[in-house]
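K.L.:
One structure, as structure tokens, below. Some questions next.
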Amino acid sequence: MTDPFIPPITEDDIANYLANTPDFFDRHASVLASVQLSSPHGQRAVSLQERQAELLRDKIKGLELKAADMIRHGQDNSAIADRLQRWTRELLRTREARDLPEVAAREIATQFLVPQVAIKVWDVAPAFMTLACAQGASEDVKAFSSSLSRPYCGSNPGLEAAGWLDDPKAVASMALIPLRTAAGSPAFGLLVLGSPEAQRFAADMGTDFLERMGELTSAALSRLRP
């Protein structure tokens, strides 16, 4: 008769016992030889050794996929770093401050394959007030830019800044990157990136790289400031 006060043995108890008693199958080799398991690749039964080999192959395959993914991400990051270096080099090679907005926008489009790019700046020095990039930003846009703690990414809901692009109607997603002299300071400009691909600048994407792009653009265009 089973003692009602003794809890029944569970599968976890058996698993823990076998895991902590490695010499069990040394003492019961016949049990090990007779164990039959179902294969995940069909209905046939396989031995314990075969099942272990299948698990090991699956583990190796998973590790290979992870390694390939790491290599791909490393290659992607290396390519981005190369493009960023070429873009920064062009900014550094620009002698005339008034040429910087055009160079920055052109090289972003070229190096990062962004179909449409626009830059607007305000509160610039008197010598640069006649530049095209210093015209057309409303007070609402200036306030909106200063309110951004990080780049805006998402669809094109008819924002005023989208109108600065060459073909706003072709833009399915966009990024708005505030330009600042320092973190937390009011924005003195806005960098606008537009793409016909809805997922190019998705609302849930990471913005670390766009923030770095904004910092570099801000540093270059600070030469237009008073």
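The values are calculated or read from the model by the stated rules, or taken from the named source; none is laboratory data. Note that the structure is a prediction, hence the values are computed from the model and not measured. Quick reminder, even Gly has a Cβ in these numbers, built from the backbone with ideal geometry, and neighbours come from all protein chains shown. The accessibility values were calculated without ligands, DNA or RNA, using every heavy atom of the protein model including side chains. Shrake-Rupley method; radii C 1.70, N 1.55, O 1.52, S 1.80 Å.
K.L.:
Check Ala175, Ala198, Ala127, Ala132 and return the single one that is hydrophobic (A, V, I, L, M, F, W, C), open to solvent by 40 Å² or more (accessible area, probe 1.4 Å) and in contact with a strand residue (DSSP E or B) (Cβ under 6 Å, 6 or more places away or on another chain). Give the derivation first.
P.N.:
Details: Ala175 fails: open to solvent by 40 Å² or more (accessible area, probe 1.4 Å); Ala127 fails: in contact with a strand residue (DSSP E or B) (Cβ under 6 Å, 6 or more places away or on another chain); Ala132 fails: in contact with a strand residue (DSSP E or B) (Cβ under 6 Å, 6 or more places away or on another chain).
Of Ala175, Ala198, Ala127, Ala132, the one residue that is hydrophobic (A, V, I, L, M, F, W, C), open to solvent by 40 Å² or more (accessible area, probe 1.4 Å) and in contact with a strand residue (DSSP E or B) (Cβ under 6 Å, 6 or more places away or on another chain) is Ala198.
K.L.:
With the requirement that a residue be touching a Phe, Trp or Tyr at 6+ places or on another chain (Cβ under 7 Å), in contact (Cβ under 8 Å) with a residue 60 or more places away in the chain and farther than 20 Å from Pro196 by Cβ, what does region 98-117 give you? Before you say what the answer is, go through the steps one by one.
P.N.:
Start the filter on region 98-117 by keeping residues that are touching a Phe, Trp or Tyr at 6+ places or on another chain (Cβ under 7 Å), which leaves 98, 107-108, 111.
Restricting the remaining residues to those that are in contact (Cβ under 8 Å) with a residue 60 or more places away in the chain gives 98, 108.
Result: Arg98, single match.
K.L.:
Look through Ser155, Ser173, Ser185 and report the one residue that is touching a Phe, Trp or Tyr at 6+ places or on another chain (Cβ under 6 Å) and not hydrophobic (A, V, I, L, M, F, W, C).
P.N.:
Just one listed residue meets the conditions, Ser173.
K.L.:
While we're here: Pairs needed: first member in region 69-90, of a type in the set (Lys, Arg); second member anywhere, modelled with pLDDT of 75 or more and assigned to a helix (DSSP H, G or I); C-beta distance under 6 Å; at least 6 residues apart or different chains.
P.N.:
If the second residue must be modelled with pLDDT of 75 or more and assigned to a helix (DSSP H, G or I), the pairs left are Arg83/Gln111; Arg86/Gln111.
K.L.:
Among the residues of region 109-136, write down those that are in contact with a Leu (Cβ under 7 Å, 6 or more places away or on another chain) and among the hydrophobic types (A, V, I, L, M, F, W, C).
P.N.:
So the first thing to find is which residues in region 109-136 are in contact with a Leu (Cβ under 7 Å, 6 or more places away or on another chain), and the list is 114, 116-121, 124-125, 128.
Selection gives Val114, Val117, Ala118, Ile119, Val121, Val124, Ala125, Phe128.
K.L.:
May I ask you to say which residue of Ala45, Ala81, Ala68, Ala109 is modelled with pLDDT of 95 or more and among the small types (Gly, Ala, Ser)? Break it down into steps so the answer makes sense when it comes.
P.N.:
Working: Ala45 fails: modelled with pLDDT of 95 or more; Ala81 fails: modelled with pLDDT of 95 or more; Ala68 fails: modelled with pLDDT of 95 or more.
So the residue among Ala45, Ala81, Ala68, Ala109 that is modelled with pLDDT of 95 or more and among the small types (Gly, Ala, Ser) is Ala109.
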